[in-house]
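Trainee: After the structure tokens below, expect a handful of questions from me.
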Amino acid sequence: MITLRDLEIFVCVAEKGRITDAADTLHISQPTVSHVIALIEQTYSVRLFDRLSKKLYITETGAELLTYSRIVLSDFKKTEEYLIHAAGKVTLRVGASLTVGSIFMAPIISRFESLHPRVNIEVYIDNTGKIINKIRDASLDVAVIE
């Protein structure tokens, strides 16, 4: 059975055209991405990509799945946003550099969430350059770096 996460991984691979680039974007290992794509192909007996010179080219079946996947993921995101809004929750996207995130963030986030139960916090930990880029492209609301 395919999951929403599988669809997210598939869409990223299709958009990037390379397993490694998708893995980097999703912050997961390359073998994990490869495994998900292979599992979808094996489970449904379809070929999603043609592989030539370390580059992936989406097949007709893959292109059609990409269209459906984008719709499903968009609808899921809208559903999730509705439920969060209906519950009166606000999502705060917080980024932290590796050192700050691994040492200081957990107790701060736990304390904040206990004081503000209507705030849903999503934490993103990565190197300083990537955190700065996420602030620039408005993927994060706030960030803490050293």
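Trainee: Of the residues that sit in the range 51-62 and are in contact (Cβ under 8 Å) with a residue 24 or more places away in the chain and of a type in the set (A, V, I, L, M), which one is surrounded by the most Cβ atoms within 10 Å (Cβ to Cβ)? Talk me through it step by step, then tell me what you get.
Mentor: Residues of the range 51-62 in contact (Cβ under 8 Å) with a residue 24 or more places away in the chain: 54-58, 62.
Narrowing the set further to residues that are of a type in the set (A, V, I, L, M) leaves 56, 58.
Numbers: Leu56: 20, Ile58: 18.
In this case the residue turns out to be Leu56.
Trainee: Among the numbered criteria (1) more than 14 Å from the chain's Cα centre (by Cα); (2) open to solvent by less than 80 Å² (accessible area, probe 1.4 Å); (3) closer than 26 Å to Asn127 by Cβ, which single criterion is violated by Ala38?
Mentor: For Ala38, the exception is condition (3).
Trainee: Run Gly17 past the list (1) open to solvent by less than 40 Å² (accessible area, probe 1.4 Å); (2) touching a residue at least 24 places away in the same chain (Cβ under 8 Å); (3) closer than 26 Å to Ile121 by Cα and report the number of the one that doesn't hold.
Mentor: Only one criterion in (1) open to solvent by less than 40 Å² (accessible area, probe 1.4 Å); (2) touching a residue at least 24 places away in the same chain (Cβ under 8 Å); (3) closer than 26 Å to Ile121 by Cα is unmet by Gly17, namely (3).
Trainee: For the range 20-35, which positions are among the acidic types (Asp, Glu) and open to solvent by 60 Å² or more (accessible area, probe 1.4 Å)? Even if it seems obvious, please write down each step before you answer.
Mentor: Going through the range 20-35, the residues among the acidic types (Asp, Glu) turn out to be 21, 24.
Within the range 20-35, just Asp24 meets the criteria.
Trainee: Kindly indicate which of Leu66, Leu48, Leu26 is touching a residue at least 40 places away in the same chain (Cβ under 8 Å) and in contact with a helix residue (DSSP H, G or I) (Cβ under 8 Å, 6 or more places away or on another chain). First the steps, then the outcome.
Mentor: On the way: Leu48 fails: touching a residue at least 40 places away in the same chain (Cβ under 8 Å); Leu26 fails: touching a residue at least 40 places away in the same chain (Cβ under 8 Å).
The unique qualifying residue is Leu66.
The values are calculated or read from the model by the stated rules, or taken from the named source; none is laboratory data. Quantities reported herein were computed from a predicted structural model and do not represent experimental measurements. Because the Cβ atoms are built from the backbone with ideal geometry, glycine has one as well, and the counts that use them run over all protein chains shown. Only protein heavy atoms, including side chains, enter the accessible area calculation; ligands, DNA and RNA are left aside. Shrake-Rupley method; radii C 1.70, N 1.55, O 1.52, S 1.80 Å.
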